[in-house]
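Trainee: Before I ask anything, here is the structure I am working with.
The values are calculated or read from the model by the stated rules, or taken from the named source; none is laboratory data. Please read these numbers as outputs of a predicted model, since none were measured by experiment. Virtual Cβ from ideal backbone geometry, glycine too; neighbours counted across all protein chains shown.
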Amino acid sequence: MPAHSKKLHLLLSALALLLLAAPRPAEAQAPDPWRIAADPVDPRNYYGVTVANGMLGIVSSPEPFQVKSVVLAGAYDQYGRGRVSNFLNSFNLLNMYLEVDGRRLSGKDVTNFRQELDLRHAALTTTFDYADKATIRYTHYALRHLPFTVLLDVSITAKKDVALIAASVMDAPDALREVQNYYNEIDRPHVALSLLTSSAKSSTGKLQLCASNSFLFGEPHGQEPRVIHEMWDSNQHLMKFSKALKAGQSYSYAVAGSSITSAHHADPLNEAERLTIFARLEGKERLLAFHAKAWDELWQSDIQIAGDPQAQQDVHSMMYHLYSFSRAGTDYSPSPMGLSGLGYNGHVFWDTDLWMFPALAVLHPEIARSMVEYRFRRLEPARRNAFAHGYQGAMFPWESADTGVEETPVWALSGPFEHHITADVALAAWQYYCVTQDKTWLREKGWPILSATADFWASRVERNGPGRYDIKNVVAADEWAENVDNNAFTNAAAQVNLRNAAAAAKLLGLPANPDWVLVAQNIPILKMADGVTREHATYKGEGIKQGDVNLLAYPLKTITDPAQIRKDLEYYETRVPTEGTPAMTQAIFALLYARLGNADKAKLWFKDAYEPNLLPPFRVIAETKGGTNPYFATGAGGVLQAVLMGFGGLNITPTGITQSKTTLPTGWQSVKITGVGPQRKTYSVSR
């Protein structure tokens, strides 16, 4: 080899070695299926995430040691606009502050601020550094096994010698009145308890709201820091302690607290303190162990996606939120925004019965039962509502709160006219029976709902001859269509309600009203000249707010012909505006296209159902594209139905859950659904 060639060879070899040794650009990391990290956090563009246990929700803040709000299911009173019941914020019992060497921390003083939501165990962890003095980590929990109790776990690692003052601050929301603050010290041979407690009345005095918390220290009794109480004003008081740390030393403490109202307990003040004492004496390790066990049991019902890591994380987040916003053993039902805030006044709509319920019925029927129990307990007000409007049976309110009376503000026409809600309630009741096959429940609770709602429709129709049992003057499921006749979804849902009531009577050996089937057979479903199902009698092709006609193919199943389903899809998918509409419709498009075998359209509409609605930094779902009101649990319920019933092929049938042939979205390799139904079965679909 010539000398110059040899030199060139050696130079190229050296260059190759340098390139191999040089650090390579970081490859995009696949999203973690169980953790959503907010890093960095921009307080100017921050939409909090909720840690909740089905009763109590804690909404996060980008400020160190702060919580945006605490929401408690079932707590309503009238205040603000609308002259109707509203959700109430509870006491903010987890706000804190920390002073380091005499300076109170604020968001301006910290670096490396990061938050991470652990979906598997419902824990929100915040970490940051304070100057060159300390690294701080804290985690919020709404304890799953204790419905009224929360925990904040704090750890501080000193980088140099520091003096700390840590305070737990009890804040009363502005809407509460007659706030009373208490501080109690209970000393026992092996433990000292300091209880920071507050009580207040709701705006009209209807409810008493109470909260209490206590520090949990790791030191043995007698070596715990001295706790000092300070009263700032009627809406705020605190307890605090001091601690000196050496460089390199770590120190941990926690705050356990409980919040409850007179809607939940006859003596909420004492009960809040009892529940806090219970948590304090259980101790942090036992509390977290039971919390993790409860969530592990929930996640035995899971959806596992291969081929789309981001969809896997997003679907887990949707499941996490539905699990967080509801729980078994209650008669509570989540509002469209769950426990993430006061959106829609915390009222219960069809969002629960039609959009959230089916996914929970399949994955956790014991939780879904609470939602149907909510309606059953409010059947009598629904009967009175029907009577007031001149109808028979039971007419459920469009917006419902604690009592079950109509809570829609009077300026919204949905209250008196959006009657499909009654059929939506009945459909959920029937689906609960279908999933569980529980005839005892059907006889005792399902049948009263199904029969009363069927009686409503038999009296609601106007009998104008065969095929002309018209349902006039309604607000459609497409709510831009107000005071229209023979709305497709309303009419078809009424048919399903009537037929399911007759089927329930047959199963139970009870006499069915023969008029139910007659009425169902004569309720018209209108069509346009080209064969497309007409949304209502005067529909002329205008844009629609949300799905209506396409719901006849699913979940109603009154249209089963694939050619008709495709025709209706191709027409109405062009009538949904790109912005300003709720995030449910596209999920139904994705579901139906999967069942029709169109993988590309299934993927397109699946992504469009929620991705444009995501907000930073936790990918929480807003109600609309460009919206700013997370968390929209209704949308999550719709997308989960697309995955379960569309991509997974699951069907809720009168004989139980079955599986049909279906198609996965383009790019997905498989879907595995575990813990389905009472038998906790597993269903899989592979490409």
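Trainee: Considering the stretch 384-410 alone, what residues qualify as being aromatic (Phe, Trp, Tyr) and closer than 24 Å to Ala75 by Cα? Quick ask: steps written out before the conclusion?
Mentor: Applying the first criterion (aromatic (Phe, Trp, Tyr)) to the stretch 384-410 yields 387, 391, 396, 398.
Residues satisfying the conditions are Phe396, Trp398.
Trainee: Another question about this same structure. Quick check: is even one residue across the stretch 119-135 surrounded by fewer than 17 Cβ atoms within 10 Å (Cβ to Cβ), at positive phi and not in a strand (DSSP E or B)?
Mentor: Yes, there is a match, as at least one residue in the stretch 119-135 is surrounded by fewer than 17 Cβ atoms within 10 Å (Cβ to Cβ), at positive phi and not in a strand (DSSP E or B).
Trainee: Here is a follow-up. Return the residue satisfying two criteria in turn: it lies in the stretch 209-230 and is out of contact with any Phe, Trp or Tyr (no Cβ under 6 Å at 6 or more places or on another chain) and more than 21 Å from Asn95 (Cα to Cα), and of such residues it is modelled with the highest pLDDT.
Mentor: Gln223
Trainee: Return a yes/no flag: does the stretch 192-208 have any residue that is at negative phi, in contact with a Pro (Cβ under 7 Å, 6 or more places away or on another chain) and part of a strand (DSSP E or B).
Mentor: Filtering the stretch 192-208 down to residues at negative phi leaves 192-204, 206-208.
Okay, now just the ones that are also in contact with a Pro (Cβ under 7 Å, 6 or more places away or on another chain), so 208.
Next cut, part of a strand (DSSP E or B) only: 208.
Yes, because at least one residue in the stretch 192-208 is at negative phi, in contact with a Pro (Cβ under 7 Å, 6 or more places away or on another chain) and part of a strand (DSSP E or B).
Trainee: Assess whether Thr330 counts as being over 30 Å from Gln29 (Cα atoms), surrounded by 14 or more Cβ atoms within 10 Å (Cβ to Cβ) and within 24 Å of the chain's Cα centre (by Cα).
Mentor: Details: over 30 Å from Gln29 (Cα atoms): yes; surrounded by 14 or more Cβ atoms within 10 Å (Cβ to Cβ): yes; within 24 Å of the chain's Cα centre (by Cα): yes.
Yes: the conditions hold for Thr330.
Trainee: Inside the stretch 26-69, counting only strands (runs of 3 or more DSSP E) that do not spill past its ends, which hold 2 or more residues that are closer than 17 Å to Asn112 by Cβ?
Mentor: Numbers: elements: 35-38, 50-52, 56-60.
Fully inside the stretch 26-69 and qualifying: 35-38.
Trainee: Quick one: which helices (runs of 4 or more DSSP H) lie wholly within the stretch 339-412 and hold at least 1 residues that are within 30 Å of Gly648 (Cα to Cα) and either touching a Cys at 6+ places or on another chain (Cβ under 7 Å) or of a type outside the set (A, V, I, L, M, F, W, C) (or both)?
Mentor: Numbers: elements: 357-363, 365-377, 379-388.
The helices (runs of 4 or more DSSP H) meeting that bar are 357-363, 365-377.
Trainee: If you go through the stretch 556-564 one residue at a time, do you hit one that is over 21 Å from Val425 (Cβ atoms) and surrounded by 20 or more Cβ atoms within 10 Å (Cβ to Cβ)?
Mentor: Residues of the stretch 556-564 over 21 Å from Val425 (Cβ atoms): 559-564.
Retained after the next criterion (residues that are surrounded by 20 or more Cβ atoms within 10 Å (Cβ to Cβ)): 559.
Within the stretch 556-564 (the criterion being over 21 Å from Val425 (Cβ atoms) and surrounded by 20 or more Cβ atoms within 10 Å (Cβ to Cβ)), the answer is yes, since at least one residue qualifies.
Trainee: Another question about this same structure. Would you point out which residue out of Asp608, Asp600 is charged (D, E, K, R), touching a residue at least 40 places away in the same chain (Cβ under 8 Å) and either buried (at least 18 other Cβ atoms within 10 Å of the Cβ) or assigned to a helix (DSSP H, G or I) (or both)? Steps first, answer last, please.
Mentor: Details: Asp608 fails: touching a residue at least 40 places away in the same chain (Cβ under 8 Å).
One residue alone meets the criteria, Asp600.
Trainee: One residue is enough: does the stretch 235-246 have a residue meeting the conditions surrounded by fewer than 20 Cβ atoms within 10 Å (Cβ to Cβ), modelled with pLDDT under 95, touching a His at 6+ places or on another chain (Cβ under 7 Å) and not basic (Lys, Arg)?
Mentor: So far as the stretch 235-246 goes, no, none of its residues is surrounded by fewer than 20 Cβ atoms within 10 Å (Cβ to Cβ), modelled with pLDDT under 95, touching a His at 6+ places or on another chain (Cβ under 7 Å) and not basic (Lys, Arg).
Trainee: Which one is nearest to the chain's Cα centre (by Cα) among residues in the stretch 81-101 that are closer than 30 Å to Ala134 by Cα and of a type in the set (S, T, N, Q)? Walk me through it before giving the result.
Mentor: Within the stretch 81-101, the first condition is being closer than 30 Å to Ala134 by Cα, and the residues that meet it are 91-101.
The next check asks that each one be of a type in the set (S, T, N, Q); those that pass are 92, 95.
Numbers: Asn92: 21, Asn95: 23 Å.
Going through the qualifying residues, I end up with Asn92.
Trainee: Next up: Looking at the stretch 202-217, is at least one residue in contact (Cβ under 8 Å) with a residue 24 or more places away in the chain, buried (at least 16 other Cβ atoms within 10 Å of the Cβ) and β-branched (Val, Ile, Thr)?
Mentor: The answer is no; no qualifying residue exists.
Trainee: Out of (1) buried (at least 17 other Cβ atoms within 10 Å of the Cβ); (2) touching a helix residue (DSSP H, G or I) at 6+ places or on another chain (Cβ under 9 Å); (3) more than 29 Å from Ala75 (Cβ to Cβ), what's the single condition that is false for Ala254?
Mentor: Result: Ala254 passes all but (3).
Trainee: Does the stretch 176-191 contain any residue that is crowded, with 21+ Cβ neighbours inside 10 Å, touching a Lys or Arg at 6+ places or on another chain (Cβ under 8 Å) and either among the aromatic types (Phe, Trp, Tyr) or in contact (Cβ under 8 Å) with a residue 60 or more places away in the chain (or both)?
Mentor: Just the residues of the stretch 176-191 that are crowded, with 21+ Cβ neighbours inside 10 Å, to begin with: 176.
The next check asks that each one be touching a Lys or Arg at 6+ places or on another chain (Cβ under 8 Å); those that pass are 176.
The next check asks that each one be either among the aromatic types (Phe, Trp, Tyr) or in contact (Cβ under 8 Å) with a residue 60 or more places away in the chain (or both); those that pass are 176.
Checked against the condition, which is being crowded, with 21+ Cβ neighbours inside 10 Å, touching a Lys or Arg at 6+ places or on another chain (Cβ under 8 Å) and either among the aromatic types (Phe, Trp, Tyr) or in contact (Cβ under 8 Å) with a residue 60 or more places away in the chain (or both), the stretch 176-191 yields at least one hit.
Trainee: Something else: Looking at Gly346, Gly257, Gly338, Gly248 in this structure, which one is in contact (Cβ under 8 Å) with a residue 60 or more places away in the chain, at positive phi and over 21 Å from the mean Cα position of the chain (by Cα)?
Mentor: Numbers: Gly346 fails: over 21 Å from the mean Cα position of the chain (by Cα); Gly257 fails: at positive phi; Gly338 fails: over 21 Å from the mean Cα position of the chain (by Cα).
Being in contact (Cβ under 8 Å) with a residue 60 or more places away in the chain, at positive phi and over 21 Å from the mean Cα position of the chain (by Cα) holds for just one of Gly346, Gly257, Gly338, Gly248, which is Gly248.
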